[in-house]
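The values are calculated or read from the model by the stated rules, or taken from the named source; none is laboratory data. Treat the numbers as computed from the prediction; the structure is a model and nothing was measured. Virtual Cβ from ideal backbone geometry, glycine too; neighbours counted across all protein chains shown. The protein model used for the area step is the full one, side chains on, heavy atoms only, and it has no ligands, DNA or RNA in it. Shrake-Rupley method; radii C 1.70, N 1.55, O 1.52, S 1.80 Å.
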Amino acid sequence: MKTKSKSHGAMPVRIGMAFVIPALILFSVFIVYPLTTALGYSFFSWKGTLRGDFIGLENYVTIFTKPPFDEALPNAFSHNLLLFAGAMVFQNSIGLLLAVTLHKIGRLKRLFQTMFTLPYLVSPLVVGYLWSLMLSPLFGPVNATLKAIGLEELALPWLGDPTTAIWAIVFITAWQWIGFPMLLYGAALGGIPEEVTEAAEIDGANGVKKFRLITLPLLLPALGTVTILTFIGAMEAFPIPYAVGGSTGSPAGATDVMALLFYRTAFESGDIGSIGTSSALAMLLFLFIFGVAVVLRTSLARAERKIYG
Amino acid sequence: MKRFSILNAPKHVLLWIYAIASLSPLVLMVLNSFRTTKQMATDPLGLPDGLNMGSYQKAWITASFETYFLNSMFVTITSVFIGTAVSLLAAYVFARSKRRVFAVLEGLFLSGLLLPVFLAILPIFYLFDALGLISNLWGLIMVYSALSIPFSSFILAAFFRQLPIDLEEAARIDGAGYFRTFFFILLPLVRPAIATVVVFRFVPIWNDFFYPLMLMRDRDAYTLPVGLTRFFGEYQTDWATLFAGLTITTIPLVILFIVASKQLVSGLTAGMSK
Amino acid sequence: MRKRLSALGLVGVAALVLTGCAPAAQETTETADTQTSATAEAVDPVTLTMWSWRTEDVEKYNTIFDVYEAANPGVTVEFEAFLNTEYNQLLATGLEGSDGPDLAMVRAYGGVQALIEAGQLMAIDGVVDTGSVEQSLLAAATGRTDGSLYGVPFATQTLQVFYNKEIFDELGLSEPTTWDEFTALNEAISAGGYTPLALGAKDSWMLPIFHEIVGAARYGGPEFRDGLLAGTTDFNDPDYVASIQIVNDMTKYMVDDVIGVSYADSQIQFTAGTAAQYPGGSFELGSFTDSGLDLGVYLVPTPPNSVSTKPISAGWADGSFAVNKTTENEDAALDLMNWLASPEFGQLFVDEVKQFSAIKGLTYSDPVMKEMDELFASGPTAYINLVDMRYGEPVGSTLIGEGIQSMFLGDMSATEVATKLQDGIATWFTPGA
């Protein structure tokens, strides 16, 4: 028999359901219903908001084969994946670093936490404009500062060059969201009992070794949570790419992401059947994220079981 | 063990540098709220000369920001409350029960996170139209509460799982029912998680402009972000009033965050002294 | 596994069933009452709501409608404006729902077809007198498949080059009349320490506009358009390709890294006085005047080897007024529509909103506007990629905009840009339609 399981084998399903029902009702009406309805939309042809004939999977075929989708879809998709990789490397690792640094920093901890999280509070309506101004090659303080300190080669047209534009979005996203991993990891770090870390230190492990062997494994649930949420956020990224690159993902589609493709298909298309094609796009995205999230979740659960038993 | 040695100095320097970089767009926003649009057109990064409250007046009075502010408060606070409450209840069961049905439900709730925001707008619009909920703030509240469930239940379940089972088992032995155990024992222990969830739901709901724009057609039902959208013209934007409106919109969030981060700290220290 | 499949099937069935909750093809009940009363009889109080995306014009329209309300006692017009970028969706759902507006501004040309095909707009042939409207602009509100008229165009835009008179005076420059003069002018501005041309290349929609301004004469404006629509030529035509090449040649008169400059930035360049000229649309006039600039305008002279013998200004209708088919105030709404198609409204529009109206024969008190109107009249053409190339997906203006961006980055040649445009629209465009 394994060590203590952390569950009530004994909780009657009746009582459990009583706890879950309120959420379930809200969820069914406002999430399940729209999702299934939208799935239905993707199987029809449309004239504006007027539903036409049932056309089966034709909309799905369209988004894989017809221009502009045949190029735009893989292009946008690859950018989403890049956003995820970028977020994992920059946003989450720096968030972890900040959480660890602030953990023992004393009185100024809350001040720093507040300052680093404040960008999250800025309305998406103007994040794009503010950063376009900051990164403007003509008027922006970023390039002006770089030139002033002698790093003129780095004063690039960040948002105009296709290679740098997507990275600009990674950084702006990290700027806005760093509070999230920082706070989650911070809370998790706080949950590691002092005795464990002290015992490790007495045994001679400090600094990086302590972090790698003790802290990191105990942070695994938090790491898993942050990873999954970052993945979902990266796949569905919209406000920042929209604000920075516009609905076409300027320049030349270099900042195009799936949500932008959906948006302009649904709202700006010259094609009057766009409700069908955009719903198909959204379904595709949903299925992909779902699949990956399930895989992530099961591998995480497996890893957790190894550590916690 | 708070050593204020020299070794801490570079850490502090780097932290402050990042803090300045992090805050500069916000500072830009606030400074610009004290200038006029014409000034910004001729000198985009100049400093304001004096505290010109004209834009604030325009936003608050002419643009009815007072009404929108109250609407935003009502909608956001209620949505966060309902969303968090129902998610707490569900998360407890997800974390503690091993039954298959709850694992399935948890997965179902999680899949709600994957719902792209605009996908739902047409079906929800027709649903509201049929129920007469267009321009009714309660409709908005229901949508937001429901949309909070995936994220909140996910985070809260993770935190519930981290708690050791001993306390609950002790309480059960003492004869406490499931709800009492949940409410009096476990709830206080997950306070940092609750604070996190509240902050990370309050902010996006407060700042959301899309759903209220589509569902609240009556001007009296507008929330702050919708009010802000009225400063965006087709070709020209009323930047000065926009930035003033933005500052008004952001201040409550800052206050909330400062208060909530206090809870986070106290919750953490409480959690550690078992 | 079987459980999974049946669950999937269940979801699929549910999806199809639930889709029924969206409005399907409706049986339209024709309201037989098409009588319009031209006299201002005292009627029961009526409130007409009108929706728009022109948030910046709300007060101006209120002033304009005050005039109508005074002449039509009992009628109140409520003008509501919504965020431009979300307006299409707002309107489509609003017209569908029970709480929609009586009238609305609708997008022009391709942008209105979805509403027409969904049967949401009222056809106004024969019930609204559009005799005072510039007839060529009625295409902006015409149904592509049924040819009926569904709206009254309210605004037109023209393209030209704005310039800062102060800078010109300082450098002793005057409006160019030949291409050589145009080149010399730009060189002189550069030498004088200013940027000759302000352009926001980061926002791709400005690029086809710029292309029309510098290149329309090169490809031959109206004659080319006629050929394109008839099918005797297409965008791969060497003259059209050459017009795109001119766009590329012009980058030497813009800032370095123009691809990183946003539309808002380019406006600031002009209003802050660092750039001497701004190739743009008449929609810029309002903000440029507000910033206190002393403005001049001219049309770019004909480039070498031009098909056209005179400079050309491209224009288009920027939107129309339309009536919601399900309005309960049909008579009042049509009365208003007739007024909106009248010179009285047109003049008020010009004076208050300070944009060009679709109505003929109006007078302009603003000298710059007057000059722009005269310039347009001297060499008009349609902005092809907006007027004709938005009836399907992909849309012409997006294709050429993205193409020009690639060209600026050195990834595409002018020929390739033209091919991109032609191939894209060929998927839905049939000449002679």
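When restricted to residues that are open to solvent by less than 10 Å² (accessible area, probe 1.4 Å) and within 10 Å of C:T271 (Cβ to Cβ), segment C:285-304 contains 1. Being away from chain B (no Cβ under 14 Å), among the aliphatic types (A, V, I, L, M) and in contact with a Leu (Cβ under 8 Å, 6 or more places away or on another chain) holds for only one residue in C:A377, C:A358, C:A341, C:A382, and it is C:A358. Within segment A:126-144, the set of residues being β-branched (V, I, T) and open to solvent by less than 10 Å² (accessible area, probe 1.4 Å) comprises A:V126, A:V127.
Only one of the listed residues (C:D257, C:D226, C:D234) is of a type in the set (D, E), more than 29 Å from C:E134 (Cβ to Cβ) and modelled with pLDDT under 95. That residue is C:D257. Checking each residue in segment B:183-212 for being surrounded by fewer than 23 Cβ atoms within 10 Å (Cβ to Cβ), at the interface with another protein chain (Cβ under 8 Å from one of its Cβ atoms) and either over 12 Å from the mean Cα position of the chain (by Cα) or among the acidic types (D, E) (or both) picks out B:F209, B:F210.
Would you check if C:D257 is more than 14 Å from chain A (Cβ to nearest Cβ) and open to solvent by 10 Å² or more (accessible area, probe 1.4 Å)? Before you say what the answer is, go through the steps one by one.
Numbers: more than 14 Å from chain A (Cβ to nearest Cβ): no; open to solvent by 10 Å² or more (accessible area, probe 1.4 Å): yes.
No: the conditions fail for C:D257.
Being within 12 Å of chain A (Cβ to nearest Cβ), under 21 Å from the mean Cα position of the chain (by Cα) and either among the hydrophobic types (A, V, I, L, M, F, W, C) or more than 30 Å from B:T42 (Cα to Cα) (or both) is a description that applies to C:A201.
Of the candidates C:G361, C:G410, the single residue that is under 27 Å from C:M254 (Cα atoms) and assigned to a loop (DSSP other than H, G, I, E, B) is C:G410.
The helices (runs of 4 or more DSSP H) found entirely in segment C:125-238 that carry 3 or more residues being of a type in the set (A, V, I, L, M) and surrounded by fewer than 18 Cβ atoms within 10 Å (Cβ to Cβ) are C:179-191. Restricting attention to segment B:128-146, and to residues there that are open to solvent by 10 Å² or more (accessible area, probe 1.4 Å) and within 7 Å of another protein chain (Cβ to nearest Cβ), which single residue is farthest from the chain's Cα centre (by Cα)? By that ranking, first place goes to B:D129.
Filtered by the rule that a residue be in contact with a helix residue (DSSP H, G or I) (Cβ under 6 Å, 6 or more places away or on another chain), touching a residue at least 12 places away in the same chain (Cβ under 8 Å), part of a helix (DSSP H, G or I) and more than 7 Å from chain C (Cβ to nearest Cβ), segment A:33-47 gives a lone residue, A:A38.
Quick one: is B:S72 open to solvent by less than 20 Å² (accessible area, probe 1.4 Å), polar (S, T, N, Q) and within 8 Å of chain A (Cβ to nearest Cβ)? Reasoning before the result, please.
Working: open to solvent by less than 20 Å² (accessible area, probe 1.4 Å): yes; polar (S, T, N, Q): yes; within 8 Å of chain A (Cβ to nearest Cβ): no.
No: the conditions fail for B:S72.
Taking A:F171, is it under 23 Å from the mean Cα position of the chain (by Cα), open to solvent by 50 Å² or more (accessible area, probe 1.4 Å) and modelled with pLDDT of 80 or more? Step through it out loud before you land on a result.
On the way: under 23 Å from the mean Cα position of the chain (by Cα): yes; open to solvent by 50 Å² or more (accessible area, probe 1.4 Å): yes; modelled with pLDDT of 80 or more: yes.
It is true that A:F171 is under 23 Å from the mean Cα position of the chain (by Cα), open to solvent by 50 Å² or more (accessible area, probe 1.4 Å) and modelled with pLDDT of 80 or more.
Residue by residue, here is whether (1) more than 11 Å from chain C (Cβ to nearest Cβ); (2) open to solvent by less than 10 Å² (accessible area, probe 1.4 Å) holds:
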{"position": "A:Y263", "(1), (2)": "no, yes"}
{"position": "A:A266", "(1), (2)": "no, no"}
{"position": "A:I272", "(1), (2)": "no, no"}
{"position": "A:G276", "(1), (2)": "no, yes"}
{"position": "A:A280", "(1), (2)": "yes, yes"}
{"position": "A:F288", "(1), (2)": "yes, no"}
{"position": "A:R297", "(1), (2)": "yes, no"}
{"position": "A:L300", "(1), (2)": "yes, no"}
{"position": "A:K306", "(1), (2)": "yes, no"}
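Looking only at segment A:96-113, count every residue that is open to solvent by 10 Å² or more (accessible area, probe 1.4 Å), more than 21 Å from the chain's Cα centre (by Cα) and on the phi < 0 side of the Ramachandran plot and tell me the total.
Of all residues in segment A:96-113, those open to solvent by 10 Å² or more (accessible area, probe 1.4 Å) come to A:96-98, A:100-101, A:103-111, A:113.
Now drop any that are not more than 21 Å from the chain's Cα centre (by Cα), which leaves A:100-101, A:103-111.
Checking the rest, the ones that are also on the phi < 0 side of the Ramachandran plot come to A:100-101, A:103-105, A:107-111.
The total comes to 10.
I'd like to check which helices (runs of 4 or more DSSP H) are fully inside segment B:8-63 and have at least 3 residues that are closer than 15 Å to A:F112 by Cα and at pLDDT 80 or above. Can you show your working first?
Details: elements: B:8-32, B:37-42, B:54-57.
In segment B:8-63, B:8-32 are the helices (runs of 4 or more DSSP H) which contain 3 or more residues that are closer than 15 Å to A:F112 by Cα and at pLDDT 80 or above.
For segment C:115-134, the condition of being closer than 24 Å to C:Q89 by Cα and under 17 Å from the mean Cα position of the chain (by Cα) holds for none of the residues.
Checking every residue in segment A:9-26 against the condition of being at pLDDT 85 or above, within 12 Å of chain C (Cβ to nearest Cβ), closer than 13 Å to B:L147 by Cα and open to solvent by 30 Å² or more (accessible area, probe 1.4 Å) gives zero matches. Of the residues A:S123, A:S93, the single one that is of a type in the set (S, T, Y), surrounded by fewer than 20 Cβ atoms within 10 Å (Cβ to Cβ) and in the same structural domain as A:L189 (by TED's automatic domain parsing) is A:S93.
Can you pull out the residues in segment C:417-433 that are closer than 16 Å to A:D70 by Cα and assigned to a loop (DSSP other than H, G, I, E, B)? Matches in segment C:417-433: C:T427, C:W428. The number of residues in segment B:90-101 being within 7 Å of chain A (Cβ to nearest Cβ) and surrounded by fewer than 22 Cβ atoms within 10 Å (Cβ to Cβ) comes to 3.
Give the residues of segment A:146-168 that are crowded, with 21+ Cβ neighbours inside 10 Å, in contact (Cβ under 8 Å) with a residue 60 or more places away in the chain and in a loop (DSSP other than H, G, I, E, B), sorted by residue number. Spell out the reasoning first.
Of all residues in segment A:146-168, those crowded, with 21+ Cβ neighbours inside 10 Å come to A:157-160, A:165-166, A:168.
The next check asks that each one be in contact (Cβ under 8 Å) with a residue 60 or more places away in the chain; those that pass are A:159-160, A:165-166, A:168.
Hits for segment A:146-168 are A:L159, A:G160.
On the given criteria, is B:I165 out of contact with any strand residue (DSSP E or B) (no Cβ under 8 Å at 6 or more places or on another chain), more than 7 Å from chain A (Cβ to nearest Cβ) and not basic (K, R)? Spelling it out, it is not the case that B:I165 is out of contact with any strand residue (DSSP E or B) (no Cβ under 8 Å at 6 or more places or on another chain), more than 7 Å from chain A (Cβ to nearest Cβ) and not basic (K, R).
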